[in-house]
Structures are given as structure tokens and as C-alpha cells.
Amino acid sequence: MSRHRITGAALVAGIAGNPVAHSLSPVIHNAWLAAGNIDGAYVPFAPADAAGFEALVAAGRAGLIQGLNVTAPFKEQAFALADQATGAARLTASANILTFDAGRVSADSSDGVGLMLGLKEQAPDLALKGRPVVLLGAGGAARAGAGALVEAGAEVRIVNRSRDRAEALAADLGASVRVMAASEALDGAALVINALSVQPDFDFDAVAPGTVMMDMTYKPLTTPFLAAARVRGLPTVDGLAMLIGQAAPSFRALFRRPPPPLDLRALLTAHMDQTA
């Protein structure tokens, strides 16, 4: 593969969230920049609140930042601040990618892509069409995941402590998404996804054998949720698979080119081992 360097000002993009220090996205994107010999940087931003995030987006409009990945708690605000959005972002009113061009903000969501690629990699025999999927949580990542699952033909069952937030998500996505109590939602489920940033209060003994269990959290790689599932012999999908799946569309959007080939799982697991 030919290597090239971009001339002129360095390209600056990053990830915005709070907290954000744990994010592996800078490791991924800076490794790609180095491998492609691209004059750029991908940095973490930690706005203190919604006003801080809005100021960061204003910096993008002013041409100081080329683009942002967005993580909790700003995904829905990111969508609201955009001038235009892709269908994936509009479907769930949530965005994890913002790009800036001549003062305009474009929103996209690659979380759903990452979710489906992670499932394909680690649970290749899982069939979703017409089958119930339980989603624990109703935040930005859950919104994007629910949208992708609906498009795959699944019946999505939302379990969330705040019923109002869950019902708002269900209303946005239509009749194939329902809000249910955990005790009812697990009946016949093919897949359970933890989209919460904390260990949920969850009855693993109510899960049928063979149900695939996924955690969107990737640090630690084996979360307490996945560890408990494996003790019971349930198949699992880790959050790192989803992170890797959504990273390539993000890089293409932020740096306007495809990423060079790298073994990201090996890179990231080595990084996590070194920083543990």
C-alpha cells in the first residue's frame, strides 16, 4: 500500500463525552493515522455539561475541528445541534458522529452498524428476524442499537428504570419496540443486550439456555455481566466487537478516507493489558 502525508494544516478530530478518559477511540484512530502516515490527531474532549458540548460544536463550525465522535451523555444533543442528519441518526434522534464543513454540522450514527458487526463476528448463528431482543437501557447507544435491531426485523423489548425515557424511545421507533418489565421481557428472548454503563440488577437464572448475552461496555473486556453469563454457559458478545465495528465508518467520516488495515482487536487487547 502506498503511504502518503497530507500537506497543510494537521487534521484534528476527537471524541466528546463525560467521562471520556476510559475511551479506546483515541488508541484506534491515532493508530490508523500513524499507519496511514496522515498528518492528523484524534483527541479526547470532556465537556462539563451541555453548554460545554455546545461550545465544542461551535468550535467545529468555526473550522477548528474536523469532526467528532460523540459518546454519553451527549448523543441526543449532538443530533439536536446538527443542520442535517443521515437516516440512521434520524431514526433514533441520536448521533455518535458529527462532521463540520463550511460552518455546517452533519450528524450520523455508526453505533447500530457496530452492534450488528459485533453480533455477526461473535454470534454468527444468531437469527434476529421476528425474534425478541431485550435491551437494558434507553440512552444514546441503546437508541442506535434499537434502530439497527428494528431494521434487522427483531422485536425489541426495552427494560429501563426510567419508564418515561423508555417509552419515548419506543414511540420514536414504532410498534416493533415495546417497554416491558424484565420478568416479562425475557420470555423467548434470543438476545439480551446491556446498554447501561453500570452492572444491571439482573436475574440470570431467568434466561433460557442458548440466549446470547451482549454488553456494550468494553472496559473491562469481561464485564461482570458477561462473566455471570459465562458462568451459566450462555454465549456472549463483548463491547469491544461493537467498538471496532463502528470505528471504521467513524474514521471515514472524520478523516474523509478509509482506514488502513490493522488488527484492531490485537492492538486494543494489548493496550488494555498494559494499562490495567
Based solely on its DSSP helices, what 222 nm [θ] is calculated for the chain when runs of n ≥ 4 H residues each add -39,500 (n - 2.57) and the sum is averaged over all residues, nearest 500 deg cm²/dmol?
-12000 deg cm²/dmol
Which values, in whole Å and largest first, are the semi-axes of the equivalent ellipsoid of region 134-215 obtained as the square root of 5 times each eigenvalue of the Cα gyration tensor?
18, 14, 12
Take the solvent-accessible surface of the protein heavy atoms, probe 1.4 Å, and return the percent of it on the chain that carbon and sulfur atoms account for.
55 percent
Taking the C-alpha atoms of region 190-276, how large are the radius of gyration and the largest Cα-Cα span, Dmax, in Å?
15.2, 47
Gyration tensor (Cα only) of region 24-92 to equivalent ellipsoid, semi-axes in Å sorted down, yields 23, 15, 13
Solvent accessible area, Å² - Leu268, 1.4 Å probe, full protein context
0 Å²
Once you keep just the Cα pairs under 8 angstrom separated by 6 or more residues, what percentage relative contact order results for the chain?
17 percent
Between 0 and 90°, nearest 10: helix 239-255 axis offset from the chain longest Cα axis
30 degrees
Report the longest stretch of the chain that contains none of the trypsin sites (Lys or Arg not before Pro) sitting in a DSSP loop with at most 15 other Cβ atoms within 10 Å.
6-128
The summed charge of the Ala13 Cβ neighbourhood (under 15 Å; Lys/Arg +1, Asp/Glu -1) stands at +1
Listed by chain and number, the residues whose amide H is under 5 Å from that of Met214, excluding neighbours fewer than 5 places away on the same chain and using placed H, are Val192, Ile193, Asn194, Val237
Where a ≥ b ≥ c are the square roots of the eigenvalues of the C-alpha gyration tensor, would you call region 86-168 rounded, which needs a/c under 1.5, or, failing that, prolate if a/b is larger than b/c, or oblate?
oblate
With no solvent term and unit scatterers on the alpha-carbon positions of region 1-143, Debye gives log₁₀ I(q)/I(0) at q = 0.09, 0.12, 0.17, 0.19 Å⁻¹ of -0.32, -0.56, -1.01, -1.18
In a Gaussian network model of the chain with springs linking alpha carbons closer than 10 Å, the residue among Ala88, Ala166, Ala48 that fluctuates most is Ala48
Among Gly52, Asn30, Leu91, whose Cα projects farthest towards the positive end of the dipole of region 1-96, with charges put on the beta-carbon of Lys, Arg (+1) and Asp, Glu (-1)?
Asn30
Using a 1.4 angstrom probe, figure out how much accessible area the chain has per residue, in square angstrom, rounded to the nearest whole.
44 Å²
With only alpha-carbon atoms in the gyration tensor, what are the semi-axes of the equivalent ellipsoid for the chain, in Å, largest first?
32, 22, 16
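The values are calculated or read from the model by the stated rules, or taken from the named source; none is laboratory data. All of these numbers come straight from a predicted model, not from anything done at the bench. Glycine also receives a Cβ, built like all others from the backbone with ideal geometry; neighbour counts cover every protein chain displayed. Protein only, heavy atoms only, side chains kept; ligands, DNA and RNA dropped before computing areas. Shrake-Rupley method; radii C 1.70, N 1.55, O 1.52, S 1.80 Å.
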